[in-house]
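The values are calculated or read from the model by the stated rules, or taken from the named source; none is laboratory data. Everything numeric in this text was worked out from a predicted model, so none of it was measured. Cβ: placed from backbone, ideal geometry, glycine included. Neighbour counts: every protein chain shown.
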Amino acid sequence: MDLGIKGRRALVCASSKGLGKGCAEALAAEGVDLILNARGSEALEATANALRSQYGVAVTPVAADITSESGQEAVLAAAGDVDILVTNAGGPPPGLWSDWTRDDFIAAFDANLLTPIALIKALLPGMTQRGWGRIVNITSVAVKAPIPVLGLSNTARSGLTGYVAGVSRQVAGSGVTINNLLPGLHDTDRLLMLDTVDANARGISPEEARAARMATVPVGRFGTAEEFGAACAWLCSTQAGFVVGQNILLDGGAFPGAM
Ligand code: NAP
């Protein structure tokens with residue numbers, strides 16, 4: 001299916017690896033020019049070169065911390081008038097409720113709530129004036145089924161979910177859609193880190209922690225960045241113009257609810 005977005009321009013944040021990279025690649029495959037971002041320049045340049053040569057799209061990498069004001073300024077300056085925004089950043093660390101300080105919450109809010117809000121606020125006016133736009137926020141299954149050790153993530157991402165529910169309806173009449181994509185367990189560096197922390201806490205090997213986690217997924221495996229990216233590209237498509245303010249869960253059936 002042609003998604004009808006060839007020649008559009010997208011800013012994909014935190015996209016040198018993992019789910020952000022999956023989104024960038026799926027958009028590149030549709031002929032979308034990209035602004036990519038990550039803190040480390042080595043993996044970022046490698047991803048930018050790979051997407052440029054494989055898909056023939058224009059790719060501008062911006063090495064910056066997207067959770068900082070200066071990083072957002074640098075990325076937005078390079079992005080200009082983009083048609084598509086995919087917000088993403090690293091997730092907060094796992095821990096215990098009694099250890100989380102005010103500073104820990106502020107850091108999580110900065111990364112996973114206030115950064116997407118700042119980027120949305122900066123780019124929405126241009127999108128609404130031009131009468132077309134797509135915004136996809138990478139959030140987490142934690143907004144539907146909070147994960148006890150990820151309380152910082154649960155809290156910050158729930159805030160973003162509430163923000164999007166209101167704003168998406170305020171701008172829906174101008175051709176701009178805002179939706180959230182909720183990853184369940186996907187095979188990325190982030191999952192590797194969580195397995196290592198889990199293994200150390202339980203006195204088991206990382207392989208055992210990984211197998212135990214995988215056993216919670218009805219499809220019997222973790223999701224891939226490619227599958228995640230394909231869902232993102234569809235949400236950015238012309239055909240998805242009637243999808244507004246939704247929270248779409250990609251978790252291989254792990255969430256047990258009917259809806
Ligand atoms: P990942 O594999 O660790 O990749 C993270 C990417 O983001 C890297 O390119 C990293 O590059 C970049 N990044 C991290 N912090 C950044 C920052 N402050 N500024 C700019 N770039 C930054 O992680 P992932 O699994 O793709 O996860 C993406 C998001 O989905 C995270 O928020 C995560 O918590 C959430 N999530 C993931 C899963 C899962 O199963 N994987 C499940 C639920 C939620 P640099 O390190 O070079 O900056």
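Structural remarks
- Screening the candidates Leu27, Leu34 for the property of being assigned to a helix (DSSP H, G or I), within 21 Å of Glu227 (Cβ to Cβ), in contact with a helix residue (DSSP H, G or I) (Cβ under 6 Å, 6 or more places away or on another chain) and of a type outside the set (Lys, Arg) yields one hit, Leu27.
- Hits in the range 1-30 (condition: within 11 Å of Cys236 (Cα to Cα) and either within 16 Å of the ligand (Cβ to nearest atom) or aliphatic (A, V, I, L, M) (or both)): Leu3, Ile5, Ala10, Cys23, Ala26, Leu27
- Selection within the range 214-226 - in a helix (DSSP H, G or I) and crowded, with 16+ Cβ neighbours inside 10 Å: Met214, Ala225
- Screening Glu45 against (1) under 24 Å from Lys121 (Cα atoms); (2) assigned to a helix (DSSP H, G or I); (3) of a type in the set (D, E, K, R) leaves a single unmet condition, (1).
- Residues that are over 22 Å from Leu34 (Cα atoms) and away from the ligand (no atom under 12 Å from the Cβ), drawn from the range 110-140: Leu114
- Top-ranked residue in the range 141-174 [being touching a residue at least 60 places away in the same chain (Cβ under 8 Å) and touching a strand residue (DSSP E or B) at 6+ places or on another chain (Cβ under 7 Å); ranked as nearest to the ligand (Cβ to nearest atom)]: Val141
- Which numbered condition Ala77 misses (of (1) away from the ligand (no atom under 15 Å from the Cβ); (2) over 19 Å from Leu44 (Cα atoms)): (2)
Here is a yes/no grid of residues against (1) modelled with pLDDT under 95; (2) closer than 23 Å to Val176 by Cβ; (3) aromatic (Phe, Trp, Tyr); (4) out of contact with any strand residue (DSSP E or B) (no Cβ under 6 Å at 6 or more places or on another chain):
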position	(1), (2), (3), (4)
Lys6	no, yes, no, yes
Ser15	no, yes, no, no
Leu36	no, yes, no, no
Glu42	no, no, no, yes
Thr47	no, no, no, yes
Pro61	no, no, no, no
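- Tally, over the range 60-77, of residues that are buried (at least 19 other Cβ atoms within 10 Å of the Cβ) and part of a strand (DSSP E or B): 2
- Given (1) within 13 Å of the ligand (Cβ to nearest atom); (2) surrounded by 23 or more Cβ atoms within 10 Å (Cβ to Cβ); (3) among the small types (Gly, Ala, Ser), index of the condition Ala46 fails: (2)
- Failed condition for Leu185, given (1) within 8 Å of the ligand (Cβ to nearest atom); (2) among the hydrophobic types (A, V, I, L, M, F, W, C); (3) in contact with a Pro (Cβ under 9 Å, 6 or more places away or on another chain): (3)
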